[in-house]
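Structure first, then comments.
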Amino acid sequence: MENLIEQLLGVLRGVVRWRWVACAVAWTISVAGWAWVATLPDVYRSYSRIYVDTQTLLNPLLRGLTVRPDPGQQVRLMASTLLSRPNLEEVVRRADLDHGIKNETEMQRLVTEIAKGLALYSTGGSGNLYQLSYSAEDPKLAARVVRETVNLFMERGLGNTARDLRKSQDFIEAQLRSYQARLVEIEQRVEKFKREHVGMLGRDGQDYYGRREAARAQLEATQLQLQEARDSRDAYRRQAEGAEPLMLFPKSGGARVDPEIAQRILSLEKQLDALRLRYTDEHPDVTATLRLIKELKERKSAAGQDPAEFMDTAGGSAFAEQMAVALAQADSQVAALETRVAAYAARYKAMAEAVDRIPIIEREYAALVRDQAILKSNYDSLLATREKATMSQEVEDKTTAVEFRIIDPPTIPVDPAAPNRLVLSTVVLLIGIGSGLGAAFLLSQLRPTVDSIRLLEELTGRTDLITVSEHQTESSHRARRRAIVSYSLAAVALVGVYTTVMTITLVR
């Protein structure tokens, strides 16, 4: 610890030994620095504060009916792009700063200079309060630049939405015209395709294979109806020919056969013919029908006597007429069903022969219909979007989504904002003093001296050294005092000059 203290004292003694050099360096740097600070031009700063109100009652009321951008985001975007080159060139023109500009290089230099002096930043927690400032040597110029920049900021913030809406409407109208022309074209193609392939396209959403299966099932069902009609006709024909007379009366006073039994037998025989077309004789429905017909015939035989003992009467003549009418109706039904079966068979055959053509036609038609549906859907969406854009344009024209309020208008500054001569003068003094001390320390290291007995002992390695003190005479005392006074006066003078500089700065 003692060695460290001794070393520090040695450094201090070395600096004191070169104190006049330190004083001269401090004076030189300080005076030069203060002269430089005095030559710095005054810079005036004009500023303005703008409040942007983005809260409006229309936004929640018109949600879903109109398309309105976020006003807060729009203002933030405008604030971030306000200092772009196109905007600054517009400020230059509005502030009449482009007089004397001869070429693009000078314009670029002027724009760069204005960009260095302009500053825009958000203040406050809500982010809706902005401060714009500009620094220049001319206070009137600073105020004019701030005023024009504020006007440009408000105009761009108010006009961007309306301009964007007009561009959007123009684009939507152009797209609508294009889609309308394409929609008319594809509708004509669909109609032409239908005319060219009439009868080959499915209906009710059925494709070729579904329609072919339906035609086959329809043909089979009609063929079954035809067979049933033929069997019924044959039964009527047999009865009309007298093979199974129903309305007979005894030749002499016997009991008459009940015609209801005969009618039931005829009906069951027709039902039996229909069942045999579908099932075998072992089927329960067939066996039950056969058993019922047998029972009815037994009841018929038991009600009368030998058929030879019966004879036809007027009832028999009426029956024959009924059978003739029924037979004619049955023949007509058979003929109609035969015609229908032939038509269904021809249709089924045509569809079977077109197995390689109709599916391709249906695929082409499905592609046309799909394209038409997509175009129609896009066209309807564009129509709805156009209505939203139209309403948004009306809202934008009649209302204000963003309201700008200038809290502090730009004014011509009276006092300069820079440079801060007080701080700069103080910094210059500190730099001068520090430079002087640094110079003294450097010289003490370049030209070292032995100023203590301990250091001499360390250098020589001897311990028997004797200290001889200097004898101070009156004249040497006076000379020492004069040197101290001179150095003190030099230091005090330096501080006095600093105080004078500070006073002048404050008075200005």
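The values are calculated or read from the model by the stated rules, or taken from the named source; none is laboratory data. Because the structure is predicted, anything quoted here is derived from the model rather than measured. Quick reminder, even Gly has a Cβ in these numbers, built from the backbone with ideal geometry, and neighbours come from all protein chains shown.
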Handout entry: Filter pass, A342 being of a type in the set (A, V, I, L, M, F, W, C), modelled with pLDDT of 85 or more and under 30 Å from R237 (Cα atoms)
Key = yes
Exercise for the section: May I ask you to verify whether K349 is at pLDDT 70 or above and under 27 Å from L268 (Cα atoms)? Expected result: no
Completion exercise
Conditions (1) modelled with pLDDT under 85; (2) of a type in the set (V, I, T); (3) surrounded by 13 or more Cβ atoms within 10 Å (Cβ to Cβ) -> T426 fails only (1)
Handout entry: Members of segment 360-374 that are at pLDDT 80 or above and in contact with an Asp or Glu (Cβ under 7 Å, 6 or more places away or on another chain)
Key = Q372
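In segment 429-450, what count of residues is obtained for those that are buried (at least 16 other Cβ atoms within 10 Å of the Cβ) and aliphatic (A, V, I, L, M)?
6
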Practice task
Sort out which residues of segment 407-424 are free of Cβ contacts under 8 Å to residues at least 40 places away in the same chain and outside any loop (DSSP other than H, G, I, E, B), and write them in order of number.
Solution key: V423
Problem - Count of segment 403-415 residues which are modelled with pLDDT under 85 and in contact with a helix residue (DSSP H, G or I) (Cβ under 6 Å, 6 or more places away or on another chain) - result: 1
Exercise for the section: Answer yes or no: is there a residue in segment 86-106 that is out of contact with any Asp or Glu (no Cβ under 6 Å at 6 or more places or on another chain), modelled with pLDDT under 65 and part of a helix (DSSP H, G or I). Expected result: no
Exercise for the section: Return the residue satisfying two criteria in turn: it lies in segment 152-188 and is surrounded by fewer than 13 Cβ atoms within 10 Å (Cβ to Cβ) and modelled with pLDDT of 85 or more, and of such residues it is farthest from A418 (Cα to Cα). Expected result: Q188
Completion exercise
V21 vs (1) modelled with pLDDT of 85 or more; (2) more than 14 Å from A440 (Cβ to Cβ): all pass except (2)
Practice task
Give the residue that is modelled with the lowest pLDDT, with candidates limited to residues of segment 189-240 that are of a type in the set (D, E) and farther than 30 Å from L268 by Cα.
Solution key: D204
Exercise for the section: Please verify whether segment 267-275 includes one or more residues that are polar (S, T, N, Q), at pLDDT below 70 and either in a helix (DSSP H, G or I) or surrounded by 17 or more Cβ atoms within 10 Å (Cβ to Cβ) (or both). Expected result: no
Problem - Selection count, segment 390-402, where residues are at pLDDT below 75 and part of a helix (DSSP H, G or I) - result: 8
